[in-house]
2 protein chains.
Amino acid sequence: MYEGIVQELIDEFGRLPGIGPKSAQRIAFHILQTETFDVSRLAELLTELRDKVHFCAICGNVAEQETCSICRDPRRNPALICVVEEAKDVVAIERTREFRGLYHVLGGAISPIDGIGPEELRIRQLLQRLADGTVEEVIIATDPNLEGEATATYLSRLLTTLEIRITRLASGLPVGGDLEYADEVTLGRAFEGRTVVAR
Amino acid sequence: MYEGIVQELIDEFGRLPGIGPKSAQRIAFHILQTETFDVSRLAELLTELRDKVHFCAICGNVAEQETCSICRDPRRNPALICVVEEAKDVVAIERTREFRGLYHVLGGAISPIDGIGPEELRIRQLLQRLADGTVEEVIIATDPNLEGEATATYLSRLLTTLEIRITRLASGLPVGGDLEYADEVTLGRAFEGRTVVAR
């Protein structure tokens, strides 16, 4: 146990995900010993995060205004909506620069064990966005795991009644990966989804 | 890339040791999504850490006053000084409740590769503390690695001229460890330092 502030800071840091007592201690000492580390900026940003950042009223992405920068961008195609689990996924997809439509963040995936049913996700808000007929295609980009697949199946069944194209991201071998090390499910999907390259 | 504050906070967190961009992102979202997380307390503690916490004028341990709580404690034995590399080591030793003397934090270990010589450590301050004859024993408790050993050797040679008992922590097998998995140096030390249990 340290004296007062150091221990309190270690405890408080230790409440954050992925930071154990050892890392919290290393962080505290780093701040103490590194003159150049801008501690007041970090403190300010933490407060600003809570005060100014929230979730976009339309898509559920992080936003500093009422809506996020993607929803406000007139160059984005409003006929395309990509449905993801978390705001982190938006950033991952944006990094590819492949997608120029809009997003819809569900806020998680269906997971009966964790008590998360469809009602806990932003599905009602998605249906509202689809009501006016602007959207032509919904791309379901949930995680390729059990919960993500369950959510994708639920959504595709729900949306199939609408006159909208529903697609899902392709499953297959990761680029740069080694076929030998691919798990059998991924390899199976890669076979199922094989594409014709000649004839 | 996220919008403004979120990205800035991720960048700032990413400057701390042991926090990569992924952890920084997880932390930012945790704060955003966990209403109960006391973000203003964390912000406050960060500022207080920089403003109020420094190193004890006597021993170099962390302190909120001019000297640390150990140096101020009249129940500690001033005839015993345990020399450690870092303030973290003080906490580790305090946890054992075995040692009731005072400490001296060197602020590192001799490491020619990192450009750390004896002058960079708080050795001059240690000699000053030993000058008045109060101290009867100096326990060298540097890390049992290359730098720690070098520092211990340097210190024991330097202090041998004084009329003070110089001791070092025992090396040997870690309690609860498995002999089979002990490295040969540790095992060698355990043999060297073996103690008589009968006859």
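To put it simply, the accessible area of chain A at a 1.4 Å probe is 52 percent carbon and sulfur. Couplings for region B:147-159, taken from phi via the Karplus curve 6.51 cos²θ - 1.76 cosθ + 1.60 with θ = phi - 60°, read 5, x, 5, 4, 5, 4, 4, 4, 5, 5, 5, 5, 8 Hz in order; Gly and Pro are left as x. Surface exposure of region B:75-168, expressed per residue as accessible area with a 1.4 Å probe, stands at 54 Å². For region A:94-146, applying the loop criterion from DSSP together with a ceiling of 14 other beta carbons within 10 Å to the GluC sites (Glu not before Pro) yields A:GLU98, A:GLU136.
Rounded to the nearest whole Å³, what is the per residue volume of the convex hull around the Cα atoms of the protein assembly as shown?
Working: hull volume 96.0 nm³, N = 398.
Spelled out: Cα convex hull of the protein assembly as shown, divided by residues, is 241 Å³.
Using every Cα-Cα pair within region A:1-96, state what percent have a distance larger than 22 Å. Mind dumping the intermediate values first?
Details: 2262 of 4560 pairs.
Result: 50 percent of Cα pairs exceed 22 Å.
A crude spin-label estimate for the pair B:GLU149 and A:ASN145, with each label 7 Å from Cα along the Cβ direction, gives 4.4 nm.
In plain terms, the bigger the Kirkwood radius, the slower the diffusion; for region A:75-168, with that radius from Cα pairs, at 10 °C and 1.306 mPa s, Stokes-Einstein puts D at 119 µm²/s. Sorted largest first by accessible area at a 1.4 angstrom probe radius, with every protein chain in place, the residues B:TYR103, B:TYR181, B:TYR2 fall in the order B:TYR181, B:TYR2, B:TYR103. Dividing the convex hull volume of the alpha-carbon atoms in region B:134-199 by its residue count gives 140 Å³ per residue. Region A:79-98 and region A:126-184 have Cα centres separated by 12 Å.
Could you state how much accessible area is buried at the A-B interface, both sides summed, with a 1.4 Å probe, in Å² to the nearest 100?
On the way: alone 14120 and 14110 Å², together 22960 Å².
Adding both sides of the contact gives about 5300 Å².
Residue ranking by accessible heavy-atom surface, 1.4 Å probe, largest first, among A:THR47, A:THR161 comes out as A:THR161, A:THR47. For the rotational copy pair B/A, the chain B residue whose Cβ lies nearest the symmetry axis, together with its distance in Å, is B:ALA43, 2. Please report the antiparallel percentage of DSSP beta bridges with both residues in chain A, rounded to the nearest 5. Antiparallel bridges: around 20 percent, rounded to the nearest 5. The other copies place their B:VAL175 label points at 5.6 nm from this one, listed shortest first, where each point is 7 Å from Cα along Cα→Cβ. With bins 5 Å wide beginning at 0, the percent of Cα pairs of chain B falling in each bin runs 1, 6, 11, 14, 14, 13, 12, 11, 9, 6, 3, 1, 0, 0, 0.
Sorted from closest to farthest, the other copies place their A:GLU35 label points 4.5 nm away, with each point set 7 Å from Cα along Cα→Cβ. Using only Cα atoms and rounding to the nearest 10 degrees, what angle (0 to 90) does helix B:39-52 make with the longest principal axis of chain B? So the helix axis and the longest Cα principal axis differ by about 40 degrees.
Counting only protein heavy atoms and using a 1.4 Å probe, the accessible area of A:THR142 comes to about 10 Å².
Among residues other than A:SER111 with Cβ under 10 Å from its Cβ, the summed charge is -3 (Lys and Arg +1, Asp and Glu -1). Between helix A:87-96 and chain A there is an angle of about 70 degrees, using the helix long axis and the longest principal axis of the Cα atoms. Among the trypsin sites (Lys or Arg not before Pro) in region A:33-128, those placed in a DSSP loop whose Cβ has at most 14 other Cβ atoms within 10 Å are A:ARG75, A:ARG97, A:ARG100. Compared with the dominant principal axis of the Cα atoms in chain A, helix A:21-33 is inclined by about 60°.
In this assembly of identical copies, the label point of B:LYS22 (Cα plus 7 Å along Cα-to-Cβ) is separated from its counterparts by 1.8 nm, sorted shortest first.
The values are calculated or read from the model by the stated rules, or taken from the named source; none is laboratory data. Everything numeric here is computed off the predicted structure, so don't read it as measured data. Using ideal geometry, Cβ is built from the backbone for each residue, glycine included, and neighbour counts are taken over all protein chains shown. The accessibility values were calculated without ligands, DNA or RNA, using every heavy atom of the protein model including side chains. Shrake-Rupley method; radii C 1.70, N 1.55, O 1.52, S 1.80 Å.
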